[in-house]
Amino acid sequence: MAEEKKKKEEKEEDPCSAFVGRYVIKTMRLKDEKWQKLIGNEELRTIVMDWVMHPAVMKLFITLNNAGALVPTYHFPNNAKGKICYYVKISEMTLDVGKIREQLIYGDLTPNPIDDLSILVDEIFYPMINNPQNQEGWPTAIVKDIDNHVQELRNIISEVKGNIINQTLLPMPIAIDNIMQVGEEVLEG
């Protein structure tokens, strides 16, 4: 009887690691068997459980290896071929399943973070900073200076992307839609 209870406890997954597993399965569009295989491997389960239980272990990354198996690690994977799930504790703590969403920052990344940064700057930061409602009370010099800095950041990101793939890449102007619209008006008029 005691042995059955012990086996049942071994099969029951920690709720915090189950939260991680549900997110990985959902975001990577995998079958539950992939997560069960990870949890079934003592070495891999230890990595996940050390992250859950030890306050000093702040980061966890999970990705697929070349064989299609989930692999957890404490450091950003250098050779990832697909999506990477990340989990970062907000402060040094043991995770509590009732507060896990407040205790973590989590999400997923492409294997090339420079592409994510480029999209973030172009699609989120620039429109937010360039919104006239957000610039109320700003002197014109500040608005122009911030715009120049964002353009410079975009140029640097484009240059780095080019260096990574060993090509020369030129950044597209942020307001390319406006340029195209003016060009069409000139051609029509």
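The values are calculated or read from the model by the stated rules, or taken from the named source; none is laboratory data. In this text, all values refer to a predicted model and were calculated from it rather than measured experimentally. All Cβ positions, glycine included, derive from the backbone under ideal geometry; neighbour counts span all protein chains shown. SASA here: full protein model, heavy atoms, side chains in, ligands and nucleic acids out. Shrake-Rupley method; radii C 1.70, N 1.55, O 1.52, S 1.80 Å.
Give, in nm to one decimal, the length gained when the segment between residue 31 and residue 109 is fully stretched (0.36 nm per residue of separation minus the Cα-Cα distance). Walk me through the numbers before you get to the answer.
Details: separation 78, 0.36 × 78 = 28.08 nm, distance 1.96 nm.
Net length gain for the segment: 26.1 nm.
Per residue of the chain, what 222 nm ellipticity follows from adding -39500 (n - 2.57) for every DSSP H run with n ≥ 4, rounded to the nearest 500?
Numbers: 9 runs with 101 residues, N = 189.
That comes out to -16500 deg cm²/dmol.
Enter the angle in degrees (range 0 to 90, nearest 10) between the Cα long axis of helix 42-53 and the first principal axis of the Cα atoms of the chain, meaning the one along which they spread out most.
Compared with the principal axis, the helix lies near 70 degrees.
If the only charges are +1 at each Lys and Arg Cβ and -1 at each Asp and Glu Cβ, what is the size of the charge dipole of the chain around the Cα centre, to the nearest 20 debye?
Details: 21 positive and 29 negative charges, 197 e Å.
Taking the Cα centre of the chain as origin, the dipole is about 940 debye.
What is the angle, in °, between the Cα long axis of helix 176-188 and the longest principal axis of the Cα atoms in the chain? Nearest 10 is fine, range 0 to 90.
Between helix and principal axis, roughly 40 degrees.
Give the range of the longest stretch in the chain that excludes all trypsin sites (Lys or Arg not before Pro) found in loop regions by DSSP and having at most 14 other beta-carbon atoms within 10 Å. It would help to have the intermediate numbers written out before the result.
Numbers: sites that count: 29, 31, 81.
Looking at the chain, 82-189 is the longest stretch - no exposed trypsin sites (Lys or Arg not before Pro) with at most 14 other Cβ atoms within 10 Å.
Nearest 10 degrees is fine. How inclined is helix 140-165 to the longest principal axis of the chain, computing both from alpha carbons?
Taking Cα atoms only, the helix is inclined about 60 degrees.
Give the accessible surface of the chain per residue, rounded to a whole number of Å², with probe radius 1.4 Å and ligands, DNA and RNA excluded.
Values: 13250 Å² over 189 residues.
In whole numbers, the chain has 70 Å² accessible per residue.
Please report Rg (one decimal) and Dmax (integer) in Å for the Cα set of segment 32-189.
Rg then Dmax for segment 32-189, in Å: 21.9, 72.
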